[in-house]
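The values are calculated or read from the model by the stated rules, or taken from the named source; none is laboratory data. Computed from a predicted model, the values in this text were never measured in an experiment. Cβ placement follows ideal geometry from the backbone for every residue including glycine, while neighbour counts extend to all protein chains displayed. Side chains are part of the model used for accessible areas, which takes the heavy atoms of the whole protein and leaves out ligands, DNA and RNA. Shrake-Rupley method; radii C 1.70, N 1.55, O 1.52, S 1.80 Å.
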Amino acid sequence: MMAIAYLKVRTSQRSKNLYLRIERAKHETAPRREGHQSIGEVPMASNVCVLGAGRMGSSIARALLDCGYPTWVWNRTAAKCEPLAALGAKVAPSVRAGIEAAELVIINVLDYAASEALLKRGDVASALAGKAVVQLTSGSPRLAREEARWVEAHGAGYLDGAIMATPDFIGKPETALLYSGSRDVYEKHKPLLFALGGGTSYVGELPGQASALDTALLTQMWGGLFGALQGMAVAEAEGLDLATFRRHLSGFKPVVDAALFDLVDRTNARRFAGDDATLASLGAHYSAFQHLLEACEERGLDAAMPRAMDMIFRQALSLGSMEDDFASLAPLFRNGSPRRAESQSMHSGNTKRTATCSCRGVELVLAGEPRRAYACSCMECQLCTGTAFSYRAIYADSALIGQKGETRSWRRTGSSGQWLEQTFCTTCGSVVFMRAEGLKDALSVSVGCLEDPEFPPPTMLHWPHRKHKWLCLEGVPEAAAS
Ligand code: NAP
C-alpha cells in the first residue's frame with residue numbers, strides 16, 4: 001500500500017520505472033545493510049530542496065529527480081539551475097522559498113563559509129523550524145558539531161554527510177555516503193538518502209563522526225599516494241621505468257592490503273608486542289627502511305618524508321621496541337608525532353606543569369604536552385626508583401622552560417651499550433629526570449614528581465618479563481622482550 005501511494009506522486013513514468021529498477025537492483029545485488037529498507041516499506045516521497053547546483057549539487061539533484069522526488073533547487077548563479085529545471089526540478093527564487101517548499105533541505109556548496117552565508121541570515125534561519133537539514137558540503141568534525149548546534153537551536157534536525165565519491169558516481173548502487181548526527185532524520189529519510197548511493201551508512205550520533213571517518217580514510221589514501229610518489233622517484237633514479245613499477249605494484253598490493261588490515265586489527269586489540277602472528281618486527285621494518293634513506297641520499301632525492309618517518313621509527317626504537325609489532329608505533333600517533341609534540345611544546349602556552357623533588361628544592365617547569373608516557377619494570381628502573389617500575393614522560397628539550405635547585409647526575413651504561421643519566425636533587429635524592437643517549441633532544445621526567453593524578457597514562461610497559469608477578473597495569477600494552 002505504501003509503495004502504491006508513493007508511486008502516485010511520481011512526476012513521470014520514466015522516473016517511476018527508474019526508481020523501481022534501482023530499488024530492485026539494490027535488493028538483488030547488495031548485501032542487506034543496516035540502513036536498507038525493503039521496497040514495501042518505502043514511504044511517501046519527501047519534498048526536497050537542494051541548495052547549490054555546482055558539479056556535486058547538480059548530480060545530487062539529478063539523482064533525486066531520477067528517483068521521482070519532487071525536487072527544488074537553488075543556486076547563487078541561477079543559470080546552473082536551468083538544466084535541472086529541464087529535468088523537472090522546480091527552481092526556488094530564494095533560499096528561503098526553497099526551504100519553505102521542502103521537508104528536507106540538502107546543502108552542497110563549496111565550503112562551510114558559503115553554507116553559513118546562505119543559512120545564517122534572519123529571514124532564512126527562521127524558515128528552518130521543523131525541517132530536516134542534510135549538510136553534504138565537505139567540512140571538519142568541528143564545523144559539523146558547530147553547525148549541528150546552530151541548526152538544532154533553530155528547531156531543525158541535522159544530519160552531516162560525507163560523500164565518498166565524485167559526482168558521476170552519485171545514485172549508483174555501490175556509492176558510499178557516510179552520515180552522522182540525528183538518527184531520526186536518517187531513519188525518516190533513509191530511502192531518499194539511499195537514492196544518492198546504495199553504499200550509504202550511518203556512522204554515529206555525534207555530528208562530527210562522518211567527517212572524521214572521511215578524514216581518516218582519506219589520510220590512509222594520502223599516505224599511500226605520497227608513498228607512491230617517493231617510490232616512483234627511487235625507481236626512476238635507478239633507471240626503472242614506471243610501467244615496471246606499476247606492474248609490480250599490483251602484484252605487491254595483496255601483501256600490502258593484508259599488512260594494512262593486520263595493523264588496524266592489532267591496534268584495535270592493543271596487541272603491540274611482537275608474537276607468532278607478527279608479520280615483520282619493527283626492527284626488521286627499520287632495517288629495510290634504511291635502504292630508502294640511503295637511496296635518497298645517494299641519488300640526491302628529496303627525503304623530507306622519509307626523514308619524518310625515520311624520526312618516528314627512532315623514537316619507538318630508542319624505547320626498546322625492536323621486537324615489537326609495527327603496530328607498536330600507534331601510541332605515538334595518539335600523543336602526536338615527535339615533531340608535532342615538539343612544536344606544541346615550543347609554542348603552546350596552554351599547559352604548564354612543574355616537576356619537583358621530595359624536599360621541593362628542585363623545580364622543572366615544562367610547557368606543552370609530553371611526547372609520550374611509559375612505564376618500565378627493568379631492573380635498573382627498579383633500582384633507581386626503589387619500587388617495582390618507573391613511570392616517566394618524555395618531553396622535548398624545548399619544553400623545559402624553567403629549572404631551579406641544585407642537582408647532580410649519575411651516568412650508567414644500559415644493556416644496549418648506550419649511556420643513561422639520572423638527575424637527582426642533592427638534598428633529598430629524588431630522581432626528577434633522566435637523559436639517554438638514544439633519546440635525542442629530549443628528557444624523561446619522573447611522572448610522580450609532577451603531582452598530577454590526571455597525567456596521561458603510560459602507553460607501554462617496557463621490560464614486562466622483569467615485572468613483579470602481581471603487577472598488572474590495566475589497559476597498558478606490554479612491549480616484547482627488550
Ligand atoms: P563546484 O562545482 O565548484 O560548486 C560549488 C558550489 O558552491 C556552486 O554551487 C557555487 O555557486 C557554490 N558557492 C560557492 N561559493 C558560494 C557562496 N559564497 N555562496 C553561495 N554559493 C556558493 O564544487 P563541487 O565539486 O560541486 O563541490 C561542492 C561540495 O561537494 C564541496 O564541499 C566539495 O568538497 C564536496 N565534494 C565534491 C566532490 C567532487 O568530486 N566534486 C566529492 C566529494 C565532496 P556558483 O555556481 O554560484 O558559483
Exercise for review: Check whether at least one residue in segment 77-100 is near the ligand (Cβ under 9 Å from one of its atoms), outside any helix (DSSP H, G or I) and open to solvent by 30 Å² or more (accessible area, probe 1.4 Å), and report yes or no.
Suggested key: yes
**Study point:** Failed item, numbered, when Glu437 is tested on (1) touching a residue at least 12 places away in the same chain (Cβ under 8 Å); (2) open to solvent by 20 Å² or more (accessible area, probe 1.4 Å); (3) farther than 24 Å from Glu323 by Cα
**Key:** (3)
Check your understanding: Within segment 113-135, can you find the residues that are under 22 Å from Ala162 (Cα atoms), part of a helix (DSSP H, G or I) and open to solvent by less than 10 Å² (accessible area, probe 1.4 Å)?
Key -> Ser115, Leu119
Review point. What residue, of Leu229, Leu193, is within 16 Å of the ligand (Cβ to nearest atom), part of a helix (DSSP H, G or I) and either within 27 Å of Ser250 (Cβ to Cβ) or open to solvent by less than 40 Å² (accessible area, probe 1.4 Å) (or both)?
Key: Leu193
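If you go through segment 300-310, how many residues are in a helix (DSSP H, G or I) and either under 21 Å from the mean Cα position of the chain (by Cα) or touching a residue at least 60 places away in the same chain (Cβ under 8 Å) (or both)?
Qualifying residue count for the region: 4.
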Study note, to complete from the structure: All conditions in (1) open to solvent by 60 Å² or more (accessible area, probe 1.4 Å); (2) modelled with pLDDT of 90 or more are true of Ala304 except (1)
Point to revise | Long-range neighbours under 7 Å by Cβ, at least six apart or interchain, first residue under 14 Å from Thr459 (Cα atoms) within segment 385-402, second β-branched (Val, Ile, Thr) and at pLDDT 90 or above | key: Tyr391/Val447; Arg392/Val445; Arg392/Val447; Ala393/Val445; Ala393/Val447
Check your understanding: Restricting to segment 398-434, what's the tally of residues that are in a strand (DSSP E or B) and open to solvent by less than 30 Å² (accessible area, probe 1.4 Å)?
Key -> 9
Check your understanding: Inside segment 311-325, can you point out the residues that are in a helix (DSSP H, G or I) and open to solvent by 70 Å² or more (accessible area, probe 1.4 Å)?
Key -> Arg314
Point to revise | Identity of the residue in segment 44-57, surrounded by 23 or more Cβ atoms within 10 Å (Cβ to Cβ) and not aliphatic (A, V, I, L, M), that ends up farthest from the ligand (Cβ to nearest atom) | key: Cys49
**Study point:** Every residue from segment 136-149 that is open to solvent by 60 Å² or more (accessible area, probe 1.4 Å) and either in contact with a helix residue (DSSP H, G or I) (Cβ under 7 Å, 6 or more places away or on another chain) or not hydroxyl-bearing (Ser, Thr, Tyr) (or both)
**Key:** Arg142, Arg145, Glu146, Arg149
Revision key, fill the gap. Here the residues within segment 104-138 that are within 9 Å of the ligand (Cβ to nearest atom) and polar (S, T, N, Q) are Asn108, Ser115, Thr137, Ser138
Exercise for review: Go through segment 393-414 residue by residue and tally those that are touching a helix residue (DSSP H, G or I) at 6+ places or on another chain (Cβ under 8 Å) and small (Gly, Ala, Ser).
Suggested key: 5
Check your understanding: With (1) surrounded by fewer than 15 Cβ atoms within 10 Å (Cβ to Cβ); (2) under 32 Å from the mean Cα position of the chain (by Cα); (3) not in a loop (DSSP other than H, G, I, E, B) as the list, and Cys472 as the residue in question, which single condition is left unmet?
Key -> (3)
Practice item. Take the residues in segment 444-482 that are of a type in the set (Ser, Thr, Tyr) and at pLDDT 90 or above, then tell me which one is nearest to Pro331 (Cα to Cα). Key: Ser444
Review point. For the subset of segment 139-177 comprising residues that are part of a strand (DSSP E or B) and more than 18 Å from Gly57 (Cβ to Cβ), which member is nearest to the ligand (Cβ to nearest atom)?
Key: Tyr158
Check your understanding: So, of the residues in segment 364-385 that are hydroxyl-bearing (Ser, Thr, Tyr) and more than 23 Å from Cys428 (Cβ to Cβ), which turns out to be surrounded by the most Cβ atoms within 10 Å (Cβ to Cβ)?
Key -> Tyr374
Practice item. Spot the failing condition for Ile60; the list is (1) assigned to a helix (DSSP H, G or I); (2) within 13 Å of the ligand (Cβ to nearest atom); (3) without any contact (Cβ under 8 Å) to a residue 40 or more places away in the chain, and only one is missed. Key: (3)
